[in-house]
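Written out below as structure tokens is the structure these notes cover.
The values are calculated or read from the model by the stated rules, or taken from the named source; none is laboratory data. These numbers come from a predicted model, not from an experiment. Every residue, glycine among them, receives a Cβ derived from its backbone with ideal geometry; neighbour counts consider all protein chains shown. To get the accessible areas, we keep the full protein, side chains included, count just its heavy atoms, and leave off ligands, DNA and RNA. Shrake-Rupley method; radii C 1.70, N 1.55, O 1.52, S 1.80 Å.
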Amino acid sequence: MQSQFQALARYNTWATRRLLEHVDALPEADYRRDCGLFFKSVHGTLNHLLVAEHGIWFVRFSQGVSPKRALDEEAEADRARLRDRLVDGTLQWGPLIAGFDDARFAGRLDYTTTRGVAQSLPFAPTLAHVFNHGTHHRGQVTAALTAMGRPCPELDMVRMLQEESP
């Protein structure tokens, strides 16, 4: 399990960096406009990733605490700082995962949802959800880039694995 989740953590960083390279090229108006995404804009979607992945899930897994935060919260208004915080956040998952043993992966994650409901879910599949969730929202941003006529990166995990292979 350890190696699989380390690969997912590396992929999360790799894909986030690649996506943000393309997002950086967006004019401010396109970056902030409502594109019909669940969190409206590219900016809103990236803020959701910051809140959900790093502000909620990371804290649940690392500290056993369930922060009460709005999923549509604008945690970072500044575009450059948001970018840096997203990348920095992805880099924290690998060391956290390195501290989990087989018993932890086989255990449960007890937490409280953002709506205040107590939950107890299988640890490993719930951790996988965090990385799947990021992939989902990065896909939304790439669709928005495509709809704006902008280039978007190839984010297939296999591409990362090919780059890592000798």
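For this structure, a couple of remarks:
- Protection proxy ranking, peptides 122-129, 40-47, 109-116, average beta carbon neighbours within 10 Å, highest first: 40-47, 122-129, 109-116
- Taking the accessible area of the chain, probe 1.4 Å, and keeping the other protein chains in place, the carbon and sulfur fraction comes to 53%.
- Gyration tensor over the Cα atoms of segment 33-97: the corresponding equivalent ellipsoid has semi-axes (square roots of 5 times the eigenvalues, largest first) of 22, 14, 9 Å.
- Rounded to whole numbers, the Karplus 3J(HN,Hα) couplings from phi for segment 13-22 are 5, 4, 5, 5, 4, 4, 4, 5, 4, 7 Hz, using 6.51 cos²θ - 1.76 cosθ + 1.60 with θ = phi - 60°, and x at Gly and Pro.
- Net dipole in debye of segment 89-166 [+1 Lys, Arg Cβ; -1 Asp, Glu Cβ; about Cα centre; nearest 20]: 360
- Sum of -39500 (n - 2.57) over DSSP H runs of 4+, divided by residues of the chain (222 nm, nearest 500): -18500 deg cm²/dmol
- Using Cβ point charges alone (K and R +1, D and E -1), the dipole size of the chain about the Cα centre works out to roughly 300 debye.
- Computed from Cα positions, the angle between helix 79-98 and the longest principal axis of the chain comes to roughly 30 degrees.
- Solvent-free Debye scattering, log10 I(q)/I(0), computed from the Cα coordinates of the chain at q = 0.09, 0.15, 0.17 Å⁻¹: -0.31, -0.84, -1.05
- Leading residue at positive end of dipole, segment 1-112 (Cβ point charges), from Ala7, Ala103, Leu91: Ala103
- Using the 1.4 Å probe convention, the accessible area of the chain works out to 51 Å² per residue with neighbouring protein chains retained.
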